[in-house]
Amino acid sequence: MNIDQLIDRGYVPVIDPTSPQSPAEMGANAFLAEYGGVVEEVALVCKKEDGLVTYRSGAAPSDRTYENFFTDFAELANDLGLRTHALAYAFGDSYLGADPNYAIGRSDGTIIHDYVDPSMEGYWKHLNHISREVATKPIQSLVFQEFLFPRQEYSFARRSIRKFAEISGVSLVVSYLDIQKDPPIQRLFEEWRADLISTAFRETTEIAKSEKPDLDIGMVVPVDPETDWNNGFIRHFGINIDHIIEICGYIVFHLMPYSPMYPEPNSPGWDLLVRAISSSALYEESGYKKALFVWGLETEEDVSWLDALKEDIKADNVFARLELPPKYTVKREIHRGV
């Protein structure tokens with residue numbers, strides 16, 4: 001599948017300048033000269049999964065090769081009347097994650113450097129600075145990816161356990177297995193993580209909207225059988241979807257990112273997927289915005305089901321990334337609990 005086929009289907013192309021064979025290799029002028037008359041929306045990666053931003057920033061480390069990408073592309077797209085989305089990796093940040101003071105910890109004591117620990121409130125300020133800068137650009141929405149814990153056992157860096165111990169009384173050498181043995185402690189643990197994510201997301205959203213009140217803010221939520229469909233939103237990721245909808249009213253469901261065996265329409269797997277996406281019964285009638293997100297598309301036949309799903313759940317649009325992100329293999333193992 002190629003960029004022309006994405007656009008023909010009405011999908012929103014996600015453009016990451018550092019991806020091999022990215023459409024960004026053409027440059028903003030060339031890309032928009034070729035596609036500006038047919039594409040209506042674009043999504044531009046403004047903060048990559050390595051933690052570097054693709055614009056000149058006063059708050060974050062920039063990718064020197066692509067420090068003009070986001071601003072130039074957004075301004076040209078705006079001039080052409082395109083709806084422009086900014087896509088930012090949040091706690092997926094291997095630049096600051098390389099620092100042991102920021103890295104996330106696994107229950108077995110392993111330190112993972114591809115994510116920053118969401119309990120690091122100092123990092124929230126870093127995200128706030130970025131959201132403020134990005135909101136000043138000519139964009140209509142800012143969508144955060146990896147605004148989550150990667151799995152339930154990734155909350156065990158020393159600073160995290162110290163914070164949880166203060167509210168729960170658990171030992172500083174507690175493991176996730178210990179927590180699972182005590183249902184009240186496990187519920188408290190899950191609520192604590194979800195409160196961290198919701199509070200950090202609310203702060204970041206409010207900062208961006210202080211710059212641009214009409215800016216749409218969205219969160220990418222993985223929907224995957226490996227993480228128990230919607231049952232895993234809180235347990236695995238710390239995402240209380242009702243709280244997130246209260247904050248931003250805009251959810252982007254990332255479809256089976258690490259288990260790309262897409263179900264056939266009207267099959268049992270299809271019903272599970274639709275129920276997972278429609279899990280927020282409290283807000284289903286409120287008309288909150290829903291979008292879909294897929295990556296690693298290979299052939300046009302691979303996405304025939306996607307149009308049916310978009311219609312079934314009444315999604316506003318589909319974000320599509322042709323290639324897989326550079327850290328896909330590493331993160332697939334993390335998300336699958338390997």
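Somewhere in region 316-333, is a residue within 18 Å of Asp271 (Cβ to Cβ), basic (Lys, Arg), outside any loop (DSSP other than H, G, I, E, B) and out of contact with any helix residue (DSSP H, G or I) (no Cβ under 8 Å at 6 or more places or on another chain)? No: region 316-333 contains no residue that is within 18 Å of Asp271 (Cβ to Cβ), basic (Lys, Arg), outside any loop (DSSP other than H, G, I, E, B) and out of contact with any helix residue (DSSP H, G or I) (no Cβ under 8 Å at 6 or more places or on another chain). Listed by first and then second residue, the pairs with beta-carbon distance under 7 Å, at least 6 apart or on different chains, first residue in region 4-23 and of a type in the set (Asp, Glu), second not in a loop (DSSP other than H, G, I, E, B), are Asp16/Val45. Checking each residue in region 287-311 for being part of a helix (DSSP H, G or I), in contact (Cβ under 8 Å) with a residue 40 or more places away in the chain and not hydrophobic (A, V, I, L, M, F, W, C) picks out Glu300, Asp302, Asp307. Taken over region 24-50, the residue count meeting the criterion of being in contact (Cβ under 8 Å) with a residue 12 or more places away in the chain and part of a loop (DSSP other than H, G, I, E, B) is 7.
Comparison of Glu300, Glu264, Glu246, Glu284 shows that the only residue that is modelled with pLDDT of 90 or more and of a type in the set (Asp, Glu) is Glu246. Within region 42-74, restricting attention to residues that are among the aliphatic types (A, V, I, L, M) and modelled with pLDDT of 95 or more, the residue that is farthest from Glu133 (Cα to Cα) is Val42.
Of everything in region 321-338 that is under 13 Å from Tyr154 (Cα atoms) and among the β-branched types (Val, Ile, Thr), the residue that is farthest from the chain's Cα centre (by Cα) is Val338.
Can you name the residue in region 84-111 that is within 15 Å of Ile334 (Cβ to Cβ) and among the charged types (D, E, K, R) and is also nearest to the chain's Cα centre (by Cα) among such residues? In this case the residue turns out to be Asp93.
Scan region 206-237 for residues that are of a type outside the set (Gly, Ala, Ser), surrounded by 22 or more Cβ atoms within 10 Å (Cβ to Cβ) and in a helix (DSSP H, G or I) and the total you get is 4. Does Trp270 meet the test of being at pLDDT 90 or above, in a helix (DSSP H, G or I) and either within 16 Å of the chain's Cα centre (by Cα) or not aliphatic (A, V, I, L, M) (or both)? In short, yes. Please go through region 91-146 and pick out each residue that is in a loop (DSSP other than H, G, I, E, B), of a type in the set (A, V, I, L, M) and touching a residue at least 60 places away in the same chain (Cβ under 8 Å). Scanning region 91-146 gives a single hit, Ile139. Taken together, the residues in region 51-80 that are assigned to a loop (DSSP other than H, G, I, E, B) and out of contact with any Gly (no Cβ under 9 Å at 6 or more places or on another chain) amount to 10.
With respect to the conditions (1) modelled with pLDDT under 95; (2) part of a helix (DSSP H, G or I); (3) surrounded by 21 or more Cβ atoms within 10 Å (Cβ to Cβ), Arg162 falls short on a single one, namely (3).
Once region 240-263 is narrowed to residues that are aliphatic (A, V, I, L, M) and farther than 29 Å from Asp302 by Cα, the residue that is nearest to the chain's Cα centre (by Cα) is Ile244.
Just one of the listed residues (Ala59, Ala43) is closer than 26 Å to Ala103 by Cβ, small (Gly, Ala, Ser) and under 22 Å from the mean Cα position of the chain (by Cα), namely Ala59.
The values are calculated or read from the model by the stated rules, or taken from the named source; none is laboratory data. Model, not experiment: these values are computed from the prediction. Don't worry about glycine lacking a Cβ; one is built from the backbone with ideal geometry, like all the others, and counts go over all protein chains shown.
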